[in-house]
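> Take this structure first; my questions come after.
The values are calculated or read from the model by the stated rules, or taken from the named source; none is laboratory data. For clarity, every value in this text was computed on a predicted model and none was experimentally measured. We place every Cβ from the backbone using ideal geometry, glycine too, and count neighbours over all the protein chains shown.
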Amino acid sequence: MIPITRLALGEAEAQVAADVVRSGWLMNGPRTEEFERLVAEYVGVEHAVAVSSATTALHLGMIAAGVQAGDEVICPSFSFIATANAIRYVGATPVFVDIDPRTFNIDASLVEAAITPKTKAILPVSQIGLPADLLPIMEIARKHNLKVVEDAAPSLGAAINGVRLGAISDITCFSFDARKILTTGEGGMITTADADAAKRMRLLRAHAASVSTADRDRANGVILETYLEVGYNYKMTDIQGGIGVVQMGRVGEIVTERRRLGARYNALLAGEERVEVPYVPEGFEHVYQSYCVRLHTERSQEDVMKTMFELGVATRRIFAIHDQPAFADVPSGPLPETVSAANKTILLPMFVGLTDDEQDEVVEALAKSL
C-alpha cells in the first residue's frame, strides 16, 4: 500500500529526542525556544509561539485578535474542521464564504460582502500548501478594522511575491502533525509581528502564569508567579521542540523535494483529460503539502477512492464544514464551489521519500479508477 504520507524522520531526530530525555527537562524549554527562533527567522517575523497543535494555535489566535462570544469570523467551509472549531471555542460564529474553484482557497472577492457589524476577524486558510489570496484580504481587513488570523497549517514555506506565509497576516498558525511540511508528531506554531499579541499568547498557552516554568528554573532566587487570566495548557514539549529544530535544518530540501514531486505529478497527468492538476497563481509559491486533483468523471469521488485503495493506493479528501453535523446549526448561504470541490477532488500520496516508481503507480491506479 502506498500511504497518503510517510514520515521523513531519521537518526538525527531520534538522537535529539533521546538527548532531551537524558537532559531531565522534557517540558517547554530551551529547545522549544530555539525552534521558535528558527521558525520566526525563516518566515521573517520577530515572534513565534510554539504550542501543542495548530488547533490550539488558532484558538489562541482568535483570543489575541479580540474575538469574543457573539462575534462573527469569516472563513471558508472547504477546510479541516479545526478551522471552524477554533471560532466556536471563543463563542463566535463562523460565516462561511465560497472558494475560488482554481485554488480551493477562500474567494477574496466575496469576503467584503460577508462583513456585518458583528464581524471581528477574517480567517483565511492557505490550503494544501498554496497561499490564500492574502493581499486583497489584508486590504479589506484594514478598511474595516478587522484582524486576519490565517490558518496556514499545511503551508510552511509557501510565499506570495517572495514573502513567506507567517509574515503577511496579523497572526499565522502552522501545524507540525505527521502530514505537514515539518513534523514534531503533534504541535503548532503561531507567528506574528505584534509583540503584545505574542506576549499574551505565550502567557495563555501556560495557564496565563506571569512567569514560565523555564524562567523560574533559570532564576537565581525564588519567583512566585501569579495568574493574570484564565489560560490553557497548550505548551509544546522540549522533545517536540528538539525534533522541530532538526527538521528546520532540512526545511529547504523538504520544500524543494515536494515541489519536484508536484511538478512530476503535473507532467505525468498532463495528458489525462479526466483530471485537473493544481493551479498556482502568478507570484504564488506552492509547497505541495498535499497534491489535490479535481476529477472530471461520472464516477463518484468515493468510488474512485475505493478503487484506488483496492489497487494499493491511499487517498484522502477535503470536506465542506458546513455540511458536517457539528455545524448544522450555523446558517449558510449557497456555496456551490465549495460543494463541487468537496465532491470532486481527492488528495494523492505526497511526501518526501515518495519514489518515482510509487508516483507512477499512483497515476496508473488513478487512471484505472476513473
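> From the list ARG164, ARG142, which one is under 18 Å from the mean Cα position of the chain (by Cα) and basic (Lys, Arg)?
Going through ARG164, ARG142 in turn, just one is under 18 Å from the mean Cα position of the chain (by Cα) and basic (Lys, Arg): ARG164.
> Still on this structure: Name the single residue that is modelled with the highest pLDDT among those in segment 1-50 being surrounded by fewer than 13 Cβ atoms within 10 Å (Cβ to Cβ) and acidic (Asp, Glu).
The qualifying residue modelled with the highest pLDDT is GLU41.
> Six or more apart or on different chains, Cβ atoms under 9 Å: show the pairs whose first residue is in segment 191-218 and farther than 15 Å from GLU33 by Cβ and whose second is surrounded by 14 or more Cβ atoms within 10 Å (Cβ to Cβ) and polar (S, T, N, Q).
Listed by first residue and then by second, the contacts come to THR192/SER169; THR192/THR172; LEU203/SER212.
> Sort out which residues of segment 317-332 are in a loop (DSSP other than H, G, I, E, B), out of contact with any helix residue (DSSP H, G or I) (no Cβ under 7 Å at 6 or more places or on another chain) and touching a residue at least 24 places away in the same chain (Cβ under 8 Å), and write them in order of number.
Within segment 317-332, GLN324 is the sole residue that qualifies.
> So, one more: Based on what the data block shows, is THR83 touching a Lys or Arg at 6+ places or on another chain (Cβ under 9 Å), buried (at least 24 other Cβ atoms within 10 Å of the Cβ) and assigned to a helix (DSSP H, G or I)?
No: the conditions fail for THR83.
> Looking at (1) surrounded by 12 or more Cβ atoms within 10 Å (Cβ to Cβ); (2) assigned to a loop (DSSP other than H, G, I, E, B), can you tell me which one ARG258 breaks?
So ARG258 meets the others, but not (2).
> Which one is nearest to ILE74 (Cα to Cα), of the residues in segment 104-118 that are among the polar types (S, T, N, Q) and surrounded by fewer than 22 Cβ atoms within 10 Å (Cβ to Cβ)?
Within segment 104-118, the match that is nearest to ILE74 (Cα to Cα) is THR116.
> Output the residue which, of all residues in segment 228-255 that are assigned to a loop (DSSP other than H, G, I, E, B) and in contact with a Leu (Cβ under 7 Å, 6 or more places away or on another chain), is surrounded by the fewest Cβ atoms within 10 Å (Cβ to Cβ).
The residue in question is LEU228.
> Which of the following residues is crowded, with 16+ Cβ neighbours inside 10 Å, among the hydroxyl-bearing types (Ser, Thr, Tyr), under 25 Å from the mean Cα position of the chain (by Cα) and farther than 30 Å from GLY91 by Cβ: SER332, SER369, SER290?
SER290
> Residue check: is GLU139 more than 26 Å from ARG317 (Cα to Cα), touching a helix residue (DSSP H, G or I) at 6+ places or on another chain (Cβ under 6 Å) and among the charged types (D, E, K, R)?
no
> A further question follows. From the list ARG179, ARG202, ARG164, which residue is modelled with pLDDT under 95 and in the same structural domain as ALA69 (by TED's automatic domain parsing)?
After applying the criteria, what remains is ARG179.
> Another question about this same structure. Return yes when VAL163 is out of contact with any strand residue (DSSP E or B) (no Cβ under 9 Å at 6 or more places or on another chain) and touching a residue at least 24 places away in the same chain (Cβ under 8 Å) and no when it is not.
So VAL163 fits the description; yes.
> Same structure again: Taking ALA141 as the residue in question, decide whether it is within 23 Å of SER109 (Cα to Cα), assigned by TED's automatic domain parsing to the domain that holds ALA113 and either of a type in the set (Gly, Ala, Ser) or free of Cβ contacts under 8 Å to residues at least 24 places away in the same chain (or both).
Yes: the conditions hold for ALA141.
> Next up: Scan segment 194-208 residue by residue and report those that are surrounded by fewer than 17 Cβ atoms within 10 Å (Cβ to Cβ) and among the aliphatic types (A, V, I, L, M).
Listed by number, the list holds a single entry, ALA195.
> Sticking with this structure for a sec: Filter segment 145-161 down to the residues that are assigned to a loop (DSSP other than H, G, I, E, B) and crowded, with 19+ Cβ neighbours inside 10 Å, then identify the one that is farthest from the chain's Cα centre (by Cα).
Per the criteria, the residue is LEU146.
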